[in-house]
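J.: One structure is given below, represented as structure tokens, and several questions about it will come after.
None of the figures in this text is laboratory data; all of them are computed from the coordinates on show. The structure presented is a predicted model; accordingly, all values stated were derived computationally and were not measured. Every residue, glycine as well, gets a Cβ built from its backbone with ideal geometry; the counts of neighbours run over all protein chains shown.
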Amino acid sequence: MKNFYLTLLLVIAAAIVSYGFIGAQQSQEGDKHPDVDWNLSCQECHSEMTPDIYKDWEMSKHGEVDFGCYICHGDGQETFYSKGSDERCAGCHAAQLVEFEKTKFESCYDCHNGHTLKFHNE
Ligand code: HEC
Ligand code: HEC
Ligand code: HEC
Ligand code: HEC
């Protein structure tokens with residue numbers, strides 16, 4: 001009996017892991033980054049292309065510790081989320097996890113600006 005429960009537990013754990021993995025691989029439908037010179041980093045190019053966004057990010061807590069654009073937008077090639085994904089927040093902010101199904105909010109970005117991270121309207 002003990003083995004049965006252990007096996008069941010492993011199967012469930014494997015299912016959760018693979019579900020998470022598949023989920024993380026999916027880009028938002030139709031999202032495609034412009035074809036650019038990928039030898040440059042996101043920051044190198046976007047500090048010229050979208051200087052306001054770059055500055056907002058640079059001044060934020062994420063910029064301070066140099067946690068890059070890819071956390072939310074993907075690598076731009078295999079995965080790309082033009083509006084930012086909030087799937088990877090939990091890895092570093094387990095304490096701020098929101099049980100969205102219990103609220104009328106759907107995403108961290110309903111309250112936080114993706115670049116400044118500030119609570120909106122502040
Ligand atoms: C060599 C230049 C270059 C590099 C490198 C680059 N980008 Fe971009 N990116 C652009 C340009 C140009 C645009 C289009 C800007 C516009 O339309 O105003 C863009 C647009 C975007 C957009 C908005 C897309 C949309 O549909 O609204 C995001 C988000 C973005 N880039 C993220 C990234 C991330 C993340 C990386 C690194 C993985 C990256 N970029 C690397 C030049 C670059
Ligand atoms: C914490 C998550 C997060 C990080 C890190 C992040 N972004 Fe974003 N980004 C977002 C969100 C959320 C949006 C959608 C904002 C909106 O729709 O108002 C967005 C939108 C954008 C857009 C499109 C803006 C527009 O007006 O269409 C560009 C370009 C962009 N980000 C570039 C970057 C670059 C370059 C970096 C790194 C220097 C970066 N982002 C880092 C969350 C993030
Ligand atoms: C790789 C780790 C990492 C990931 C992933 C990450 N963050 Fe952060 N975040 C940090 C660090 C480090 C700080 C600064 C912590 C501090 O000052 O306590 C921070 C700070 C913040 C703050 C506070 C900003 C402030 O000015 O006080 C917000 C809001 C935030 N993150 C939102 C997010 C969201 C939303 C996501 C997912 C899209 C995310 N983070 C993903 C590392 C991360
Ligand atoms: C219903 C609105 C709301 C949602 C949704 C939300 N936050 Fe927050 N969050 C806040 C407020 C308000 C603060 C305090 C802001 C301030 O003091 O500037 C905060 C603060 C934070 C901080 C700073 C540390 C702290 O505890 O003060 C982090 C990190 C953070 N949130 C991460 C997240 C992440 C990650 C998500 C998504 C899983 C998220 N938040 C979703 C409203 C929200």
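J.: Search the structure for amide H atoms under 5 Å from the amide H of residue 118, placed 1.01 Å from N in the peptide plane, and list their residues when 5 or more places away or on another chain.
T.: 113
J.: Right, another one. Give the cross-link partners of residue 104 among the aspartates and glutamates, using a straight C-alpha distance below 19 Å as the criterion and excluding same-chain residues fewer than 8 apart.
T.: Candidates past the 8-residue exclusion: 86, 87.
J.: Then there is this: What distance in nm lies between label points placed 7 Å from Cα along the C-beta direction at residue 43 and residue 99?
T.: Computed distance between label sites residue 43 and residue 99 equals 3.8 nm.
J.: While we're here: Rounded to the nearest 0.05, what FRET efficiency do residue 110 and residue 31 have when you use their Cβ-Cβ distance and R0 = 22 Å?
T.: 0.65
J.: Jot down the per residue volume, in cubic angstrom and as a whole number, of the convex hull over the alpha-carbon atoms of segment 49-102.
T.: About 114 Å³ per residue, rounded to a whole number.
J.: OK, next. Please list, in chain and number order, the residues 5+ apart from residue 80 or on another chain whose amide H is under 5 Å from its amide H, with Hs placed from the backbone.
T.: 27, 28
J.: List every residue whose amide H lies under 5 Å from the amide H of residue 85, counting only residues 5 or more places away in sequence or on a different chain, with H placed 1.01 Å from N in the peptide plane.
T.: 73
J.: With a Förster radius of 30 Å, plug the Cβ-Cβ distance of residue 119 and residue 75 into 1/(1 + (r/R0)^6) and report the FRET value to the nearest 0.05.
T.: According to the calculation, E is roughly 0.55.
J.: Listing 73, 93 from the residue with the fewest other Cβ atoms within 10 Å to the one with the most, what is the order? Write out the running numbers ahead of the final one.
T.: On the way: 73 20, 93 12.
Listing 73, 93 from fewest to most nearby Cβ atoms yields 93, 73.
J.: Among the lysines, select those whose C-alpha is under 27 Å from the C-alpha of residue 102, and discard any that sit fewer than 8 residues away in the same chain.
T.: 83, 118
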